[in-house]
Structures are given as structure tokens and as C-alpha cells.
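The values are calculated or read from the model by the stated rules, or taken from the named source; none is laboratory data. Because the structure is predicted, anything quoted here is derived from the model rather than measured. Reconstructed Cβ throughout: ideal geometry from the backbone, glycine too, with neighbour counts over all protein chains shown.
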Amino acid sequence: MRERPEGPGTGEECRRIGRTLGLRLDRSPDRGKAPAVLCLLLLVSGCATIPNGAELAATTSSFAYSTGRGTQSFASTPSMVISALNSAMTDLDMSEVRVIREIGISRVQARTSDRRSISATVRFFQGATTVAVRIGWFGDEPLSRALLDRVGVRLGTKEPEAIPEVAPSEPSGNPFFSRRAVSDEEMLRDFVEAPYRDRVVP
């Protein structure tokens, strides 16, 4: 007769776990059902499953910034994130906060202290709430990061830190018409002056 292997879910394994918990399963009137019942209770209670910290880490992302928009996910419900976002905006001296709720998405609008627009979208997907925020026309990475950091502090997913007296800010320039770009006059100077170079003057 082939022996039944011992391992998670077998009767012997469940009896071992029961003895660790101080249970005397060997004296159960129905020895065949007691291990199975214990294993079922352990599975339902979450014993030997993924710890809560691992689930939190899996649904919480770090800050990311691309094309003028800062994004971050939090292991909280949308209502909790929106509340934390409102508080974070107040912390950073942002005003005129307005929440617009739509099907499957919420939008939070506000203004910075220098009157630039702020638009944040809040979405819930697979156990996490993602916030995407754009500040001004072309974004502001330091201020976006500071805002989402404050959301994490308000939610308790980030260590508490002092509110900055002046929020860090560096508005991104126009990627199409940058003020630091070379002027048309500078770019065309060589073409304009080309016919007069190396010309022999009589």
C-alpha cells in the first residue's frame, strides 16, 4: 500500500499544526473529519497565506512622472484617497478644491498658490487606487511628487514628515516652443550671410 505523502493539507500536517496551536485532535470522536475541518478553518482565517504587508506592497506603487503627469497607486479605497488628496492640497497651500465624480473615475481640480490649474484623476483597479495629477499646462514634477507624497502621509502609507513652508515647484516649459530654444534669427544667420562670405570686394 502506497503511503500518503505528508505536506500542506494532509491529515498529519493539520494535526501537527493543531498540536502547535494547543489542540488535541487525536482524541476527537471523528478522527477522519477533524483534520479536514481544521485545515478548512486555517485556510479561511488566512493562516499560512500571503501576509498583509506583502499585499500592501503589491498594490502600492512608487511615484512616476512622464509627459507632464505624475502618477502613484495606493492600497486604499477611492473615497479615502480623495479625502487624503483634499488634505494634501490644503497642506501645500492649494485652493479652490473641487471634486467631480463620474462613473468609474473621479476628478479633483484645484489651483496652486500662483494660480496654476491642478487636475487629478482618481481610478480604482484591482485593489488599488491610482492618482494621476497634472499641474499647469505642461506639468511640474517636484510639486506633483510633493503632492502625492503628502497623500501617502495622510493615508499612513508613508512616514510622517513636516509640511514644507514653501512647496517645491519647477514648472515644465513648453516642449514645442521653449523660451530656451535658439531663435529663428540665430538659426538663419548663416543662411543670410552665406552669399556675402569669401566674396572679393573690388
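Below, the figures for the structure above:
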read-out	value
Residue check for LEU148: modelled with pLDDT of 60 or more and either polar (S, T, N, Q) or outside any strand (DSSP E or B) (or both)	yes
Residues that are without any contact (Cβ under 8 Å) to a residue 60 or more places away in the chain and at positive phi, drawn from the range 137-159	GLY156
Residue among PRO171, PRO164, PRO175 that is modelled with pLDDT under 95, outside the structural domain of GLY68 (by TED's automatic domain parsing) and surrounded by 15 or more Cβ atoms within 10 Å (Cβ to Cβ)	PRO171
Leading residue by the ranking (surrounded by the fewest Cβ atoms within 10 Å (Cβ to Cβ)) among those in the range 60-110 that are among the small types (Gly, Ala, Ser) and assigned to a helix (DSSP H, G or I)	SER79
Filter result for SER106 (modelled with pLDDT of 95 or more, polar (S, T, N, Q) and under 22 Å from VAL153 (Cβ atoms))	yes
